[in-house]
């Protein structure tokens, strides 16, 4: 679906006359599929903040069935243990099961990566749940928030 949408958009761009190549590049790089690690981190650290506690967002995330409800039974290469310890040191409870809690875990992991011994948050998250960024960005955009 993402690639079909991109192909359609590029076809429309190519039919327009005299569009500078830089605009085509910007258009292509706006697609989540092409985001690099820094852009994904920026999304999960900053872009998602306004919508993170929105009830519609929570409901939409809980409907993402590709995220296992018991995701927290996987240690994510030590990342979950470190993040739970980080939260406990701040007086917060550890992460619970559920898709929304997974998104909170991912957002927190990107946010606090520089404080953690476990590095490579993007690789760990992408390996465990490759569709996550695509689907969460879609939810955020569908709710009318800028990304």
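Overview of results
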| item | result |
| --- | --- |
| Per-peptide average of other Cβ atoms within 10 Å, ordering 98-109, 74-85 highest first | 98-109, 74-85 |
| For the stretch 83-140 and the stretch 19-66, distance of Cα centres in Å | 15 |
| Cα long-axis angle, helix 79-89 against the chain (0 to 90 degrees, to the nearest 10) | 60 |
| Mean separation of Cα contacts under 8 Å (6+ apart) over length of the chain, as relative contact order % | 27 |
| In nm, spacing of pseudo-spin labels at residue 36 and residue 74 (7 Å Cα→C-beta vector) | 2.7 |
| Top of 72, 36, 86 by mean-square fluctuation, Gaussian network on the chain, Cα under 10 Å | 36 |
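Taken together, the values in this text are just the output of simple stated rules run on the coordinates, not laboratory data. Model, not experiment: these values are computed from the prediction. Note: ideal-geometry Cβ built from the backbone for every residue, glycine included; neighbour counts use all protein chains shown.
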